[in-house]
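Please read the structure below before turning to the comments.
The values are calculated or read from the model by the stated rules, or taken from the named source; none is laboratory data. The shown structure was predicted, so the numbers you read here are calculated from the model rather than taken from an experiment. Don't worry about glycine lacking a Cβ; one is built from the backbone with ideal geometry, like all the others, and counts go over all protein chains shown. Note: areas computed on protein heavy atoms with side chains; ligands, DNA, RNA excluded. Shrake-Rupley method; radii C 1.70, N 1.55, O 1.52, S 1.80 Å.
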Amino acid sequence: MSSFTRGLFEVGYGVHAFVQPDGTWGWSNAGLIQGDGESLLVDTLFDLRLTRQMLEEMAPLVDSAPITAVANTHANGDHCFGNQLLSDQGVRFYASQGTTHELAEMSTAAAMGEMMRTLPDDDMGKFMTHAFGPFHFDDIVVPPITDPFEGDLALEVGGRRIDLLNVGPAHTSGDVVAWLPDERVLFAGDILFIGGTPIMWGGPISNWIRACDRIIELAPSVVVPGHGPLTDVAGVREFSQYLSFIEDGVRRRHEAGMSPREASLDLDDEIDDTSYATWSDRERLTVTVHSAWSELELGYEPPGLGEMFTLMATDYAARMHS
Ligand SMILES: [Zn+2]
């Protein structure tokens, strides 16, 4: 399962993963589960053009089983900005309460498009172009989630059981994984990054590790990560070990009296000597460290989104120049 090419891959009977290399910023994976006469889509992509293309490639598969439901794993745009392409077909949108709230509070794609048109010519501008330059944020209006849910939700789509397991807060405040017991396939959303550094906007990190444990307990035969190539339980285990490494590394540096920023730079140095050094998007570490800090220090407020992106731009520039 090590090849990493773009397109639709059958990962179980009537179950397809849609995979987008290179899995870095914005290049997310999605999934299609075909039932008898109807299908469910797991996530849409970062913009309308990419989502439209994906739906065209799925068209032969959904000819006799049209998409009637979309399950969004979380509220990040690379997993839901294409939702509107399905909204006029009476499709139901399923997401956790946490994701539903986050979507309602999130800055719009239009604001993102405007920001991308007026980028400064500095480290921040270069980083934003690197991360979000390939995408088109115009004309995106995310329709409301029609079916928000608390806890887990067992869905039946075309006679197939699909369990939406609420494992957040972890990567965001409302992470859900989609589990197909009949084929033992799991769509992990951004609970799993393969080959890339994860970013923790939500946390606590211990809950993210618990989410990995829950996936491992299900013993899936195929795991579709939110970003990166298809994997299995071994991939989940390695990823979980990274999270434990970060959790432990942050705790030790907090005890040593470092600031969160010092801790993230110091931990990044330690990563140089590990196998995680080859993972892409290492600038995300600083966000994870700042988010994790609030678990260690009562009353600590992590920096806002703008400041987090400034820190990442600084670290990205430092890596480019080194
Ligand atoms: Zn993502």
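Quick test of your reading of the structure: Pro134 fulfils all but one of (1) within 16 Å of the ligand (Cβ to nearest atom); (2) open to solvent by 20 Å² or more (accessible area, probe 1.4 Å); (3) within 16 Å of Asp175 (Cβ to Cβ). Name the failing condition by number.
Evaluating Pro134 over (1) within 16 Å of the ligand (Cβ to nearest atom); (2) open to solvent by 20 Å² or more (accessible area, probe 1.4 Å); (3) within 16 Å of Asp175 (Cβ to Cβ) leaves (3) as the failure.
Picking from Ala211, Ala263, Ala313, which residue would you name as being in contact with an Asp or Glu (Cβ under 6 Å, 6 or more places away or on another chain), buried (at least 18 other Cβ atoms within 10 Å of the Cβ) and either aliphatic (A, V, I, L, M) or farther than 27 Å from Thr73 by Cα (or both)? So that I can check it myself, show each step before the final result.
On the way: Ala211 fails: in contact with an Asp or Glu (Cβ under 6 Å, 6 or more places away or on another chain); Ala263 fails: in contact with an Asp or Glu (Cβ under 6 Å, 6 or more places away or on another chain).
Every option except Ala313 fails the conditions.
Going by the structure shown, is Glu150 within 16 Å of the ligand (Cβ to nearest atom) and under 22 Å from the mean Cα position of the chain (by Cα)? First the steps, then the outcome.
On the way: within 16 Å of the ligand (Cβ to nearest atom): no; under 22 Å from the mean Cα position of the chain (by Cα): yes.
Against the criterion (within 16 Å of the ligand (Cβ to nearest atom) and under 22 Å from the mean Cα position of the chain (by Cα)), Glu150 does not qualify.
Considering each of Ala292, Ala234 in turn, give the residue that is open to solvent by 30 Å² or more (accessible area, probe 1.4 Å) and of a type in the set (A, V, I, L, M). Write out each step before concluding.
On the way: Ala292 fails: open to solvent by 30 Å² or more (accessible area, probe 1.4 Å).
Answer to the check: Ala234.
Sort through Gly226, Gly195 and tell me the only one that's open to solvent by less than 10 Å² (accessible area, probe 1.4 Å) and either modelled with pLDDT of 95 or more or aromatic (Phe, Trp, Tyr) (or both).
Going through Gly226, Gly195 in turn, just one is open to solvent by less than 10 Å² (accessible area, probe 1.4 Å) and either modelled with pLDDT of 95 or more or aromatic (Phe, Trp, Tyr) (or both): Gly226.
Looking at the stretch 132-205, what strands (runs of 3 or more DSSP E) fall wholly within it and have at least 3 residues that are over 23 Å from Gly23 (Cα atoms)? Break it down into steps so the answer makes sense when it comes.
Values: elements: 147-149, 153-157, 160-166, 176-180, 185-193.
Answer list for the stretch 132-205: 147-149, 153-157, 160-166.
So that you can scan it fast, the table gives a plain yes or no per residue for (1) open to solvent by less than 10 Å² (accessible area, probe 1.4 Å); (2) of a type in the set (A, V, I, L, M, F, W, C):
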| residue | (1), (2) |
| --- | --- |
| Phe4 | no, yes |
| Trp27 | no, yes |
| Leu32 | yes, yes |
| Glu38 | no, no |
| Leu41 | yes, yes |
| Gln53 | no, no |
| Val62 | no, yes |
